[in-house]
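Just so it is clear, none of the values below were taken in a lab; they were calculated from the coordinates. Note that the coordinates shown come from a computational prediction; the quantities given were computed from them, not determined experimentally. A quick note on method: Cβ atoms are made from the backbone with ideal geometry, for glycine too, and the neighbour counts reach across all protein chains shown.
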Amino acid sequence: MEVRLVHLSKHFGDVVAVEDLNLTINSGEFVALLGPSGCGKTTTLLMIAGIYIPTRGEIWFGDRLVNDLLPKDRNIGMVFQSYALYPHMTVFENISFPLKLRGVPLEERRQRAQRVADMMQIGHLMERKPGQLSGGQQQRVALARALVKEPDILLFDEPLSNLDAKLRLTMRSELKRLQHELGITSIYVTHDQVEAMTMADRIAVMRDGHLQAFAPPEELYNRPKTLFVAGFIGSPPMNFLKATLVQENGKAVVRGASFEVTLPDDLGKVALERAAGKEVIYGLRPEHMAIDPEGSILAEVYVVEPLGREDLVDCRLSDGTIIGVLAPAGIDVRPGEKVRIRFDVSHSQLFDPETEQTLLW
């Protein structure tokens, strides 16, 4: 089922939660709505669900305008952060409750509930109540309840937030596998960019009620269109350095207070056409920097943060700017030690400091 949001807005009095949002989610696609708290992602989801009425704009499911349809008439399945299970009901009763509301006969309810529960690997728990289940099992019950209706669209509101890290990892892969097998159009709200990157076919990045970008994960990561997207996508986050772009000997040179790099010809040509002689913000991810005795940039180790398979070495440049550099685990450097850093300039990003738009893509 294709979902189209056309000039969609939602205001709460003077507060603008979502403003002029335009999105087309293809049939069978898994799309994540990503952004910090208060960006409008949950408000958007609740408008799609029919819980909030839009201030302006249209919501289309396929060729059907659904603005005036009640939630129960939209054939959606919704999974909440809080699970929202009935504590006095068994797993079977929780899963089959939407079918009971539709007047489906008991025997058919049993068959459909059992089939979905087996798919979620909780078929042996049908007589238990939520209080007897782990968090992961409760989340599977909530998902089974959403699926048993055979919905056209699945809506997820941060469904994994209450799970521990290991279980969250497992459920991420299971949700993605299940969605791929069933082919149900899915919209997934999260503030966790790793969750969005690993699960979604495309990600809609939101900020202050406005859409910042809508693209596949690899495009958002490698070719961010705005400074906000560049900083929000990726962990550890991208480093940003104030600089000036100049042309020297036909090359594009980015010169900051404590560093200087020459851009590759393909990037430099585009950059010079758009911002020669202007102030810019130079961006480079920690994994595209290395501590190297042959590096051209001098820095002082500020702190070393072990991450397991690698270390994040925070370094202070001569102008006081702190940058993060990913290094092999157990690297032998200490706070206060002088090091040299090499930039992999093929991964450079450049942004206009006023518009915060990219100067490269």
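The alpha carbon centroids of region 227-247 and region 257-309 are separated by 9 Å. A Cβ-based charge dipole, computed about the Cα centre of the chain with Lys and Arg at +1 and Asp and Glu at -1, lands at about 1160 debye.
About the centre of its Cα atoms, region 238-351 shows a dipole size close to 300 debye [charges on the beta carbon of Lys, Arg (+1) and Asp, Glu (-1) only; nearest 20 debye]. Can you give the angle from 0 to 90° between the axis of helix 265-275 and the longest principal axis of the chain, with both taken from C-alpha atoms, to the nearest 10? Its long axis makes an angle of about 90 degrees. Using only helices, what value at 222 nm comes out for the chain when you add -39,500 (n - 2.57) per DSSP H run of length 4 or more and divide by the total residues, to the nearest 500 deg cm²/dmol? -8000 deg cm²/dmol, from helical runs alone. Potential lengthening of the chain between residue 337 and residue 165 amounts to 58.5 nm, from the contour at 0.36 nm per residue minus the alpha-carbon distance. Normalise the Debye intensity by I(0) for the chain, one equal point scatterer per Cα, no solvent, then take log10 at q = 0.06, 0.15 Å⁻¹ and round to two decimals. Debye intensities relative to I(0), on a log10 scale: -0.30, -1.20. Of the beta bridges DSSP finds with both residues in the chain, what % are antiparallel, to the nearest 5? Around 75 percent of the beta bridges assigned by DSSP in the chain are antiparallel ones. Across the chain, the longest piece that holds none of the GluC sites (Glu not before Pro) lying in DSSP loops with up to 11 other C-beta atoms within 10 Å covers 128-293. The stretch between residue 51 and residue 24 holds 7.7 nm of extra length on full extension. This uses 0.36 nm per residue minus the Cα-Cα distance. Look at the dipole of the chain built from charges on Cβ: of 280, 170, 34, the Cα furthest out on the positive end belongs to 170. Each of 263, 50, 123 was placed along the dipole of the chain (beta-carbon charges, centred on the mean Cα), and the one lying farthest toward the positive end is 123.
Name the residue farthest towards the positive end of the dipole of the chain from the options 357, 244, 23, assuming +1 on Cβ of Lys and Arg, -1 on Cβ of Asp and Glu, about the Cα centre. So the residue furthest toward the plus end is 23. The trypsin sites (Lys or Arg not before Pro) of region 30-78 include none that meets both conditions, a loop assignment by DSSP and at most 11 other Cβ atoms within 10 Å of the site Cβ.
With R₀ set to 22 Å, the beta-carbon distance separating residue 279 from residue 322 gives a calculated FRET efficiency near 0.60. Working note: Cα gyration tensor of region 238-351, eigenvalues times five, square-rooted, sorted largest first, giving semi-axes of 27, 13, 11 Å.
Rounded to the nearest 10 degrees, the inclination of helix 135-147 to the longest alpha-carbon principal axis of the chain is 70 degrees. If you line up the long axis of helix 91-101 against the longest principal axis of the chain, both from Cα atoms, how many degrees apart are they, to the nearest 10? Tilt of helix 91-101: around 70 degrees.
Given 41/176; 41/149; 100/176; 41/166; 251/278, which pairs have Cα atoms separated by over 22 Å? Flagged as over cut-off: 41/149; 100/176; 41/166. Across the chain, the relative contact order, built from alpha-carbon pairs under 8 Å that are at least six residues apart, equals 15 percent. Within the same chain, aspartates and glutamates fewer than 8 places from residue 10 are excluded, and of the rest, those with a Cα less than 13 Å from its Cα are 19, 20, 58, 208.
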